[in-house]
Amino acid sequence: MLSESIQEARRQLEICNACRYCEGYCSVFPAVHSRRAFDDVTVTHLANLCHNCRGCYYACQYTEPHEFALNLPAALANVRQQSWQDYTWPISLSRAFHRSGVAIVLATIAGLIVLMLAIHQLGSWQGEGFYGVLSHNAMVSIFLPAFLLPILVIAVSIRKYWRASHAGHTRGAAITETISSAATMNNLAGGHGEGCNFEDEDRYSNTRRWMHQATLYGFLLCFASTSVAILMHYFLNMPAPYPLFSLPKLFGVSGGLLLCAGTAGLAYLKLKADRNLGAASAWGGEMGFVLLLFVVSASGLALYGFGDTAALQALLVIHLGAVFAFFLLMPYTKMMHGFFRLAALLKDRNERLSRST
Amino acid sequence: MQQHDIVIIGGGNAALCAAITAAENGASVLILESAPKPYRGGNSRHTRNFRCMHEAPVSVLVDAYSEQEYFEDLLKVTGGNTDEELARLAIRESQNCLPWMQAHGVHFQPSLSGTLSLARTNAFFLGGGKSLVNAYYRLAESLGVEVRYEAPVTHVEIEGSQVIRVDFDYQGEACSVSPKAVVVASGGFQADREWLARAWGPSAKNFLIRGTPFNRGVVLKDLLDQGIQSVGDPTQCHAVAIDGRAPLYDGGIVTRLDCVPFSIVVNKNAERFYNEGEDVWPKRYAIWGRLVANQPDQVGYVIIDSKSLELFMPSVFPPTVADSIEELAEKLELPAAKLQQTISEFNNACAEGKFHPTELDGLSTTGLEPPKTNWARPICDPPFYGYTLRPGVTFTYLGFKVDKNARVQGAEAPMENLWAAGETMAGSILGQGYLAGFGMTIGTVFGRIAGREASNHVK
Ligand SMILES: Cc1cc2nc3c(=O)[nH]c(=O)nc-3n(C[C@H](O)[C@H](O)[C@H](O)COP(=O)(O)OP(=O)(O)OC[C@H]3O[C@@H](n4cnc5c(N)ncnc54)[C@H](O)[C@@H]3O)c2cc1C
Ligand code: SF4
Ligand code: SF4
């Protein structure tokens, strides 16, 4: 399967290399044009460099019904999807969740049940706020492994991918450039700043870029909120709940709002976009993942808004269950694209720096 | 059907520039495009840049490119066969085109890797001609221009110096409209292979058409038959040598082969027939279409060895590979003994010297006929590679004679309500030869003029 999609992407990349009209859209084309041949590793690298902005599809004079049948965004998306699946252990899990939104929903429901059981069995019914539902220690004993194990799996995958991709010597400049490229998502700007061709055929729009940034920064703020809370808990002896004007709350609420808006936006765009220009077989899995993130953020916000009402327990179950599922699914869902993308961007910067010196 | 002020025949660059200009000037416009939507945009969808005069660096263009230098470049390629007034008009107006195009949704990019020689003179479209065409369609529709796809015009009825009716097919029905003004922008006739064969001779059946299959010259012929004046040599077409495996139509840019200067080229009898190293490739690629067209069966074979494989831009089809000349001959179906003889004669005529792939290095054969006067290195390091070559037609030269207002010239007098733009009148400026990027310049300049004149006429 992998070799088939790589084969197809290679066929298309060779045509692009003879054409070069799309050079200015993104980082993929300069990387293509600096080569003459595309081995499997290179195709996978280029696939992970592609942000699926689709500019090169609508601009292409060789799309179907032309016999060259160019559809580079889809060809690269298929390779990319496959690479996340194939570099991650165990493959059977990653195949299942990458492709199926239903599997993600089921896993989330399973997460809810685990949480309900945990509360039933370990429920503390003492302490304040949500620790009144589930004690701090019980939470830690559930979430620490549920967080660390996936991180370990991801680390192993990325290491494998990085090694396989012969990414070259990394200089400091490459790292800063990679971070800035990821932070600004300049590859979604279309080369001219007007954005990509996603939700309305060849019309350029920055909506997807903004929505993706809201999602990314929302996620990072939520993550920061949790991290700060952990530090405050252990080192400052300041357990939750926190007042509104505290770092965990400020990060958490603003992050939750951003994440909520960003994921809702991405899901909406995904509904409007042409499925055949992405990895069509993974559409459900990708949608499931975006919606799971939405549930995580929306339930988190709800918990903040209605945490002192009778709904607390139900909301807590939903939120923690979704977070639990999200953590465990990280290595097996679209979440992986972020890590592979960073690796590909870094390799690309390494190459550019060595080309220019 | 709603009556439009202006009907524009064709849906490429020239047509769209005319439509947008006319609509912005308040006219109601109908575009009749014979292609279905995925193939809209004619040859314009295959382009990559346009040639643009400029006094100082602007947008993606470096340095300066003056009117005089531009005009001299044009004189060189046309051998003086040009209308100076129209040519200078196109050149001068090209500098206004760039900002106009940007304001109308076209994005530019620096010259593509491998095309550095054009960085000063030609502005490249980001995404190529299809993205330009897409931007124009989107804008035209937002201005209220109505577009009909799969609507080939079959006849334009003329009475005196007026167009009185335009006939076209649409959704299986024969339709007619009687607009106040008409702009023809429907390209040349190169996709009509029978016409090509009548003009060029029977060998034209082996020509490939690099661009759209929809430019069949229907309206051109129809109007010329009604006494409209023509310019341009009716027997000539612009043809380059392309990969023989290219599709019959629409193969576009990726079928070009840039390896001739580093090769020897033989015909089907394994004989060389022209100096492969006469000049740098951008100055010679356009003559090879004709050279190959004059060989038996209109086919050529480029042969290189491993030394040269990475010296030129990759092309879409992989070369035929062999470890010996004999094997290569067999795979290319060439007479093996003769090929070996041709290659060893060539190799023996090569001299020692410094090889320089990107400039005229004077590394020439001695005592060989025809000679190879640059980049002559023996073909001796396996593996050996071969490509077939066929003539690939870009466009035909026959077109309408227009004046500086793009007005079409009737039998007796200028037409009152008929204008032409783009390839279909390019013969007014390009009598022969071709200057890379000039086709889009002519289309943009005269498309805008035609749109302006037609919309002023209907006011
Ligand atoms: C492969 C290739 C690459 C090229 N690259 C460049 C380049 O980089 N720069 C450059 O300047 N030039 C280039 N050219 C030349 C350039 O394409 C033309 O000069 C230019 O596109 C002409 O524009 P146009 O609008 O006159 O014709 P076209 O773009 O060909 O449009 C003609 C339109 O008329 C329609 N049509 C035809 N007959 C009818 C009918 N009976 N009824 C209704 N509609 C009809 C066609 O469907 C088409 O939409 C290239 C050509 C080719 C083939
Ligand atoms: S996607 Fe199409 S237009 Fe773009 S470089 Fe590839 S072949 Fe050319
Ligand atoms: S889809 Fe966008 S990011 Fe991907 S290769 Fe095409 S232009 Fe580049």
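Bear in mind these aren't lab numbers, they're just calculated from the coordinates by the rules spelled out. Because the structure is predicted, anything quoted here is derived from the model rather than measured. All Cβ positions, glycine included, derive from the backbone under ideal geometry; neighbour counts span all protein chains shown.
Quick rundown of the values:
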read-out	value
Length-normalised contact order of chain A in % [C-alpha pairs under 8 Å, at least 6 apart]	26 percent
Spin-label pair B:E69/B:A119, simplified geometry with 7 Å Cα→Cβ offset, distance in nm	1.4 nm
Residue-by-residue Karplus 3J(HN,Hα) for region A:233-238, coefficients 6.51, -1.76, 1.60, Hz, glycine and proline x	5, 8, 9, 10, 6, 10
Volume in Å³ per residue [convex hull over Cα atoms, computed for region B:71-203]	223 Å³
Prolate/oblate/rounded call for region B:73-139, Cα gyration tensor, a/c under 1.5 rounded	oblate
Hull shadow area, averaged, region B:231-308 [alpha-carbon convex hull, nm²]	6.4 nm²
For chain A, built as a Gaussian network whose Cα springs stay under 10 Å, the top-fluctuating residue of A:G132, A:G278, A:G195	A:G132
Protection proxy ranking, peptides A:182-190, A:43-51, average beta carbon neighbours within 10 Å, highest first	A:43-51, A:182-190
Relative contact order computed over region A:4-84 (Cα-Cα under 8 Å; 6+ residues apart), in percent	36 percent
Residues of region A:218-232 with amide N under 16 Å of the 7 Å Cα→Cβ point at A:I151	A:220-232
Lone cysteines, chain A (no partner Cβ under 4.7 Å)	A:C16, A:C19, A:C26, A:C50, A:C60, A:C222, A:C260
Filter on B:K76/B:K268; A:K347/B:K331; B:K372/B:K401; A:K249/A:K334; B:K283/B:K354 - keep pairs with C-alpha separation over 30 Å	B:K76/B:K268; A:K347/B:K331; B:K372/B:K401
GluC sites (Glu not before Pro) restricted to region A:1-89 and DSSP loop, no more than 16 other C-beta within 10 Å	A:E67
Fewest-first sequence of B:M440, B:M313, A:M336 by Cβ atoms within 10 Å of each Cβ	B:M313, A:M336, B:M440
Computed label-point distance, nm, for sites B:E146 and A:R275 using a 7 Å Cα→Cβ extension	3.6 nm
Built amide H within the under 5 Å cut-off of B:K372, gap 5+	B:T365
Under Karplus coefficients 6.51, -1.76 and 1.60, residue-wise ³J(HN,Hα) of region B:111-123 in Hz, glycine/proline x	4, 5, 4, x, 10, 4, 5, 9, 4, 8, 9, 10, 8
Estimated 222 nm signal from helices in the protein assembly as shown, with DSSP H stretches of n ≥ 4 weighted -39500 (n - 2.57), rounded to 500	-15000 deg cm²/dmol
Pairs of Cα atoms farther than 23 Å apart, region B:1-95, %	47 percent
Listed residue (B:Q226, B:I209, B:Y137) projecting farthest to the positive dipole end of region B:107-246, Cβ model	B:I209
Per-residue Cβ neighbour rank within 10 angstrom, fewest leading, B:H155, A:H136	A:H136, B:H155
Förster radius 51 Å - calculated FRET efficiency between A:I113 and B:E333, Cβ distance, rounded to 0.05	0.15
Residues whose placed amide H lies under 5 Å from that of B:T154, excluding near-sequence neighbours	B:D167, B:F168, B:D169
Overall dimensions of region B:158-276 as given by Cα atoms, namely Rg and Dmax in Å	19.2, 59
Label-point separation, B:K459 to A:Q7 (7 Å along Cα→Cβ), nm	6.3 nm
Neighbouring partner chain Cβ atoms per residue of A:21-31, average, 10 Å criterion	5
In region B:1-83, GluC sites (Glu not before Pro) in a DSSP loop with at most 12 other beta-carbon atoms within 10 Å	B:E55
Mean-position separation - Cα centroids, region B:1-60 and region A:187-264, in angstrom	43 Å
Per-residue ³J(HN,Hα) for region B:211-227, Karplus 6.51 cos²θ - 1.76 cosθ + 1.60, θ = phi - 60°, Hz, x for Gly and Pro	x, 5, x, 8, 8, 10, x, 4, 6, 4, 5, 4, 6, 5, 4, 8, x
Fraction in percent of alpha-carbon pairs per bin - 10 Å, region A:4-84	20, 60, 20, 0
Net dipole in debye of chain B [+1 Lys, Arg Cβ; -1 Asp, Glu Cβ; about Cα centre; nearest 20]	500 debye
For region A:14-170, size of Cβ-based charge dipole, Lys and Arg +1, Asp and Glu -1, in debye	240 debye
Cβ-based charge dipole, region A:169-278, positive-most Cα from A:L269, A:F198, A:A214	A:A214
B:S324-B:E24 FRET efficiency (beta carbon distance; Förster radius 51 Å; 0.05 resolution)	0.20
Zone of B:K354's modelled label, taken as backbone nitrogen in region B:268-291 under 19 Å from a point 7 Å along Cα→Cβ	B:280
Rg ratio (alpha-carbon, reference 2.2 N^0.38 Å) - the protein assembly as shown	1.13
Top of A:H233, A:H337, A:H192 by mean-square fluctuation, Gaussian network on chain A, Cα under 10 Å	A:H233
Compactness of region B:239-392 - radius of gyration and Dmax, Cα, Å	14.1, 43
Share of pairwise Cα separations in chain B, more than 42 Å, in percent	20 percent
For B:N215, distant residues with modelled amide H under 5 Å away	B:A191
Largest-first principal axis extents, alpha carbons of chain A, Å	69, 42, 38
Residue list for region B:338-356, given a label point 7 angstrom along the Cα-to-Cβ vector of B:E369 and an amide N cut-off under 17 Å	B:342, B:345-346, B:349
P(r) tail fraction, region B:283-366 - alpha-carbon pairs more than 19 Å apart, %	55 percent
Lys, Arg +1 and Asp, Glu -1 on Cβ, resulting dipole of chain A about Cα centre, debye, nearest 20	660 debye
